[in-house]
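The values are calculated or read from the model by the stated rules, or taken from the named source; none is laboratory data. If you're wondering where the values come from, they're calculated on a predicted model, not measured in any experiment. Neighbour counts are summed over all protein chains in view; Cβ atoms, including those assigned to glycine, are modelled from backbone coordinates with ideal geometry.
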Amino acid sequence: MSGDSQEVPEKKPEDQRFDQIDKSDGRMERTITGRTMADVIEEILSRPKRWFALLALLGSTLAIAIVVALLFTHLFHLETSEVQFGSQGSHVVFEHDEELTGEREYLVVVSPQGWESTDVPVRAGEKVTLWAGGKICIDMNEIWNKVQLRLKYEDEIARAKNIRRKDSTENRVPEDYFTDEQKQSLILDRPWVGPEGFSLDTFLPSFRSRRSRYLLPDKPAGGLIAAVKPGADEPSKTDAFFVGQQWTFSSPKDGSLWFTVNDVQYKLPGDQDLFYNDNLGAFWVDIRVSRH
């Protein structure tokens, strides 16, 4: 280096905004390396179309949820008694009380993030019938890894076969050239499942030794589990029973109905369910409570 060369000042973390990256397909992409609230506001003001699109998406999602709610109330002749959305105990409850027969019917949506109370009351000796549907996945990380692997295959095949991404006359797609080995590698080890869950004999946990740590180790993983318990404290393992797609039972005591899914039990300080954090999806449960 010559004596008149200038030293490039080190970039401070607070000065790091956007770095340009030249991607393999020639496009330039900005990566965010350290943004402040002012940067976020500047981004919103400078690129409003992106944020309007996001708001439109959120609005349409809410509209769909409202339409579904109205359809359920019309089809099942239910009265809306409660609607709650949130990070803890998210559920939607529709209620119908048949005065002549004394049968009460509820429709709830259960997220797979640990025990949730439905606030549906049952008394000892009452007959409770549960029907469930929906789908969940108890391994979000695996979904991410499989998607990244698929994108890797697509990029490799597109380059090898010269498949043009933006050409409207191009009729080839990378997945037409996946090998049998590549197809097999993209199958989820812990798949999307319904309330019946999946067998740990067929779809292995990431550590075989964790099998005994599930809430109900002898029942399918990811399956729907219920409990009847009074009070606000979560049910214990001895309160839990497997529901699957359908189950009828006589309530052993007074209390509220609780739901969760069959997953690994490990509590962090503050009662955070560590192995439920990467669960996605939801189950709906039709609940009918009647006197014997």
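When ARG211 is tested against (1) charged (D, E, K, R); (2) in a loop (DSSP other than H, G, I, E, B); (3) closer than 27 Å to LYS135 by Cα, only condition (2) is not met. The strands (runs of 3 or more DSSP E) falling completely within the range 222-292 that include 2 or more residues that are surrounded by fewer than 19 Cβ atoms within 10 Å (Cβ to Cβ) map to 246-250, 280-290. Pull out all pairs, ordered by first then second residue, where Cβ-Cβ is under 6 Å, the residues are six or more apart or on different chains, the first lies in the range 230-243 and is assigned by TED's automatic domain parsing to the domain that holds ASP254 and touching a residue at least 40 places away in the same chain (Cβ under 8 Å), and the second is among the basic types (Lys, Arg) and surrounded by 10 or more Cβ atoms within 10 Å (Cβ to Cβ). Note: pairs meeting the criteria are PRO235/LYS229.
Scanning the range 123-143 for residues that are buried (at least 21 other Cβ atoms within 10 Å of the Cβ) and among the β-branched types (Val, Ile, Thr), we see that the one that is modelled with the lowest pLDDT is ILE138. Among the residues of the range 160-197, just one is outside any loop (DSSP other than H, G, I, E, B), without any contact (Cβ under 8 Å) to a residue 12 or more places away in the chain and basic (Lys, Arg), namely LYS183. Listed conditions (1) surrounded by fewer than 16 Cβ atoms within 10 Å (Cβ to Cβ); (2) over 30 Å from ARG288 (Cα atoms); (3) touching a Pro at 6+ places or on another chain (Cβ under 8 Å) are all met by LEU151, apart from (3).
Restricting attention to the range 107-137, the residues that are over 25 Å from LEU200 (Cβ atoms) and either acidic (Asp, Glu) or touching a His at 6+ places or on another chain (Cβ under 8 Å) (or both) total 7. Taking the range 188-210 on its own, how many of its residues are closer than 18 Å to LEU280 by Cα and touching a helix residue (DSSP H, G or I) at 6+ places or on another chain (Cβ under 8 Å)? Summing the residues that are closer than 18 Å to LEU280 by Cα and touching a helix residue (DSSP H, G or I) at 6+ places or on another chain (Cβ under 8 Å) in the range 188-210 gives 4.
Across the range 128-147, the qualifying residues are those that are β-branched (Val, Ile, Thr) and part of a strand (DSSP E or B), and the one among them that is farthest from GLU181 (Cα to Cα) is VAL128.
A single member of ALA227, ALA240 is touching a helix residue (DSSP H, G or I) at 6+ places or on another chain (Cβ under 7 Å), at pLDDT 95 or above and closer than 30 Å to SER290 by Cβ, and it is ALA227.
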